[in-house]
Amino acid sequence: MCHVMFINGDCNLDQFAGIDMQELNDNPTLADGTAAGYRAFAVVDRASSSAKKWGLTSGQGWVEMEDLGEVDMGSKAMVESSLKWGIQQCKSAGNSLFMLSYWDHGGGISGLGGDEHTSASGGHGSGTSMKDYAEACSNAITSESLPSSNVMLGFDACLMSQFGVVAGLK
């Protein structure tokens, strides 16, 4: 399985984005070989740095792949392009099972996130509506020709396990 992560820590969650990435890196199953072959690709934006693309391979740790500069992580286009990039990286590594996850603040059916440091947000935080997130996921999955049975969606965000969210992603 390959994990595609969209981590929007360009808000008051900045420090936790770094902690969570370190926890994943330090996971004992990655170090002892239990999860041999595990791959993760993440687009990460933090308040303390610019947005970056990262890759994680079991036994090798996180490797910065590209600095994107300042981006609006709340935009549908950024979510979609990030998911497509991650899926492409996973496919090129020979993976056929995908976990797509979103990390940030959650607002249930009203949406996700808030990038507090973009010119588009005026410094007040842009967010992703549930409709835009569902469309970005669908577009990424469809354009990369993934069978839906090989894709799992997940959230590391408050309020995102509500029935309305599941219904909104349908």
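Candidates 55, 61: the one that is out of contact with any helix residue (DSSP H, G or I) (no Cβ under 6 Å at 6 or more places or on another chain) and farther than 30 Å from residue 167 by Cβ is 55. In the set (1) of a type in the set (Gly, Ala, Ser); (2) within 30 Å of residue 131 (Cβ to Cβ); (3) surrounded by 15 or more Cβ atoms within 10 Å (Cβ to Cβ), residue 50 fails one condition alone, (3). Please name all residue pairs, on different chains or six or more residues apart, with Cβ atoms under 7 Å, provided the first residue is in the stretch 55-74 and is among the aromatic types (Phe, Trp, Tyr) and the second residue is open to solvent by 50 Å² or more (accessible area, probe 1.4 Å). Sorted first by the residue in the stretch 55-74, then by its partner, the pairs are 62/54. Restricting the search to strands (runs of 3 or more DSSP E) fully inside the stretch 52-170 and requiring at least 2 residues that are on the phi > 0 side of the Ramachandran plot gives 61-69, 112-115.
Residues in the stretch 1-43 that are part of a helix (DSSP H, G or I) and crowded, with 20+ Cβ neighbours inside 10 Å were compared, and the one that is farthest from the chain's Cα centre (by Cα) is 30.
The values are calculated or read from the model by the stated rules, or taken from the named source; none is laboratory data. Source: prediction; values computed, not measured. Every residue, glycine as well, gets a Cβ built from its backbone with ideal geometry; the counts of neighbours run over all protein chains shown. Remember, those area values only see protein heavy atoms, side chains included, never the ligands or the DNA or RNA. Shrake-Rupley method; radii C 1.70, N 1.55, O 1.52, S 1.80 Å.
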